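What follows is one structure encoded as structure tokens, with my remarks underneath.
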């Protein structure tokens, strides 16, 4: 086999609705045509949307696999995200509507944000942080988190945000690798009514992290905490005494903006490096055009966590660079009730919602009653991020959240790419449920087979053939690992492990990680396609599939299925679902075993941990479970898998 076989087809399509198109920023292929004529010049024109102290000497210096964008140019990320909007008279515009899990709220204007960023930048300087230092941030979803990030960028320090759901060991590893000088954390955060003990986790990590000289702690949950004299400082104390003005540093375009570590559990986490000018250019461009942003009227909500790249790019840097009004939410969709998200949309008049397919499938499982309780008519655009979205989940999202009137923009990108690379322009692109459609202007992407030859139509490996401004600049402290990980599989091409197919009209359809491809009787079957076929059945809310060793077929497909409310997971129903898959995509994809489960093992960010499901399917000891949102789920799945019947 020379690629990944594709069995799916999708005939439904949705052109831009006329009322949407009438007001859209882009309604034709003009941006694509401009980029095709001169892709470097195209990106230089996008960079001019930022404020620069000094313009660049060269647009792009490309020495595979290393790129430098806008070399010679100087700017400051915090100035571009905050100061310039205040200077333009928009200080009273809301930057964030913040809502905490218990229901407490704050409204933060751009003027408020500027004041806090300047104070905390001075706090960091008072603690000895200097240009080029690294600052670790381990916090809940509270306004102090983006303040801390922007304060770092203001004085030229790189931040390393560590997701608040990670363990003390994961925090320690990231602090040690980055040699962070200061840690910013909180006493705790709220999750489903319980306190996440962030400061306690931080204290446990710092015994083996000698680079940390100071810790700043936000009082969020109010419990009593041990504070180490000389090292630990309360946020409110140091902010009260800090100077109120802080001149931003003039940073080179290629100066390090932040590190963000991948969450690998079998090897040392990779510190992905993103720099300033190119990254800020591309996140601002993509946020503006993919979401058709109108900063003076839109209320934009990216329902991710800032601890992941989605939050960096599309909660903090992209929206703030564009002067947008955003929603920042600490809690979960089901606390205190399952309509929490819909009440937030109604209360703040959210116009753009950007979330993950796992959340959408969870809402499908809960049914339509929750969104129907609320007025969602303010919404005009929906987005999807994080993993391939099943066509039926896409349709449910469009129909029951978007009222059959909102375009759904599915987006493909990665921590490493920094910004969205493949997605529709909603006023110009005809959408197909489940497809991320086409590469954005200025992006060169191709699907290739095993030998690196382009696939005109069919499945294979997603590669990128030219640099882009927001691309990673390497792995911190390990340039050889950077080359081997991303540039060695297909020489001259970037490849980070995703499978994709291209249809006859050139639309891109993502098929998940190539590590998740199953080899069944010599056929390379994508987990995503089998899962989509299962979710297509009206009884199924969510599914995950893995390959398990089989003496006859090489691998057999094991499906873990969550049903919608009121459905019963009987052996007969398993047979119905097997036949449904066979009818939809072929007998080769028929699961050998179907395990019905109330939930799937997911990280706090909502990603399904197929690695653990493979352990269950193969009867192995479970790997690391520290990042699971609910570790009890996997134990229940093990019991049910042991009792599940196999098809002959």
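The values are calculated or read from the model by the stated rules, or taken from the named source; none is laboratory data. Predicted model only: the values in this text are computed from it and were never measured. Here the Cβ is made from the backbone with ideal geometry for all residues, glycine too, and neighbour counts use every protein chain on show.
General remarks:
- Complete set of residues in region 188-205 that are touching a strand residue (DSSP E or B) at 6+ places or on another chain (Cβ under 7 Å) and over 13 Å from residue 102 (Cα atoms): 188, 196, 198, 199, 202
- Look at region 518-533: where a residue is on the phi > 0 side of the Ramachandran plot and surrounded by 21 or more Cβ atoms within 10 Å (Cβ to Cβ), no partner that is part of a helix (DSSP H, G or I) and at pLDDT 80 or above sits 6+ places away or on another chain with Cβ atoms under 9 Å.
- Which listed residue is more than 24 Å from the chain's Cα centre (by Cα) and farther than 22 Å from residue 257 by Cβ, from 89, 72: 89
- All conditions in (1) surrounded by fewer than 23 Cβ atoms within 10 Å (Cβ to Cβ); (2) without any contact (Cβ under 8 Å) to a residue 40 or more places away in the chain; (3) more than 25 Å from residue 603 (Cα to Cα); (4) in contact with a helix residue (DSSP H, G or I) (Cβ under 7 Å, 6 or more places away or on another chain) hold for residue 147, with the sole exception of (1).
- Subset of region 394-415 (residues that are in a loop (DSSP other than H, G, I, E, B) and either under 13 Å from residue 431 (Cβ atoms) or out of contact with any strand residue (DSSP E or B) (no Cβ under 6 Å at 6 or more places or on another chain) (or both)): 402, 403, 404, 405, 406, 407, 411, 413, 414
- Lone unmet requirement of (1) at pLDDT below 95; (2) assigned to a loop (DSSP other than H, G, I, E, B); (3) touching a strand residue (DSSP E or B) at 6+ places or on another chain (Cβ under 7 Å) for residue 451: (3)
- Residue that is surrounded by the most Cβ atoms within 10 Å (Cβ to Cβ) [pool: residues in region 456-476 that are part of a loop (DSSP other than H, G, I, E, B) and modelled with pLDDT under 95]: 457
- Total residues in region 594-632, condition without any contact (Cβ under 8 Å) to a residue 60 or more places away in the chain and in a strand (DSSP E or B): 4
- Of the residues making up region 595-603, at least one is touching a strand residue (DSSP E or B) at 6+ places or on another chain (Cβ under 8 Å), at pLDDT below 85 and over 14 Å from residue 637 (Cα atoms).
- Restricted to region 618-648, and to residues there that are under 16 Å from residue 559 (Cα atoms) and in contact with a helix residue (DSSP H, G or I) (Cβ under 7 Å, 6 or more places away or on another chain), the residue that is modelled with the lowest pLDDT is 647.
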